[in-house]
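The structure appears right after this line, and notes come after that.
The values are calculated or read from the model by the stated rules, or taken from the named source; none is laboratory data. Bear in mind the structure is a predicted one, so any value in this text is a computation, not a measurement. Cβ placement follows ideal geometry from the backbone for every residue including glycine, while neighbour counts extend to all protein chains displayed.
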């Protein structure tokens, strides 16, 4: 999916149909009765494109001082930098995260397997941000 790849000044414009189709897929399974207890949506890597996005390093939201390279090219992969990126991706692709939150609120499960573009999911703060985003969208269930 590479959500966030469109958070760059030089990235091609992402078609809204990509997010729309993903939301429809998630909503379809949320509405269908599973054969077992629940559905498990496995996101097998590269869901979020932490390395492909360019977030200006002039944000006051980070504690880790940006390096000279980060000041020139955008925030890197420090834990607090990645948390900011996670929040911005969730804002940019709110419909996708709303659908995922509703999916979980309906009793289903999501497993995130990080890939080479979203290895930052190993950071506790990034996982917490992702969890908070999903919880915000899960409640109240609409």
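Within the stretch 84-110, which residues are buried (at least 22 other Cβ atoms within 10 Å of the Cβ) and over 21 Å from residue 139 (Cβ atoms)?
Listed by number, the list holds a single entry, 85.
Inside the stretch 1-55, can you point out the residues that are closer than 18 Å to residue 92 by Cα, free of Cβ contacts under 8 Å to residues at least 60 places away in the same chain and assigned to a helix (DSSP H, G or I)?
16, 17, 18, 21, 24
Output the residue which, of all residues in the stretch 47-57 that are in contact with a helix residue (DSSP H, G or I) (Cβ under 8 Å, 6 or more places away or on another chain) and more than 17 Å from residue 123 (Cα to Cα), is surrounded by the most Cβ atoms within 10 Å (Cβ to Cβ).
Only one residue fits best here, namely 55.
May I ask you to verify whether residue 135 is more than 20 Å from residue 5 (Cβ to Cβ), in contact with a helix residue (DSSP H, G or I) (Cβ under 8 Å, 6 or more places away or on another chain) and either modelled with pLDDT under 90 or buried (at least 20 other Cβ atoms within 10 Å of the Cβ) (or both)?
It is false that residue 135 is more than 20 Å from residue 5 (Cβ to Cβ), in contact with a helix residue (DSSP H, G or I) (Cβ under 8 Å, 6 or more places away or on another chain) and either modelled with pLDDT under 90 or buried (at least 20 other Cβ atoms within 10 Å of the Cβ) (or both).
Could you list, in sequence order, the residues of the stretch 65-83 that are surrounded by fewer than 19 Cβ atoms within 10 Å (Cβ to Cβ), assigned to a helix (DSSP H, G or I) and either on the phi > 0 side of the Ramachandran plot or in contact (Cβ under 8 Å) with a residue 24 or more places away in the chain (or both)?
Across the stretch 65-83, the qualifying residues are 79, 80.
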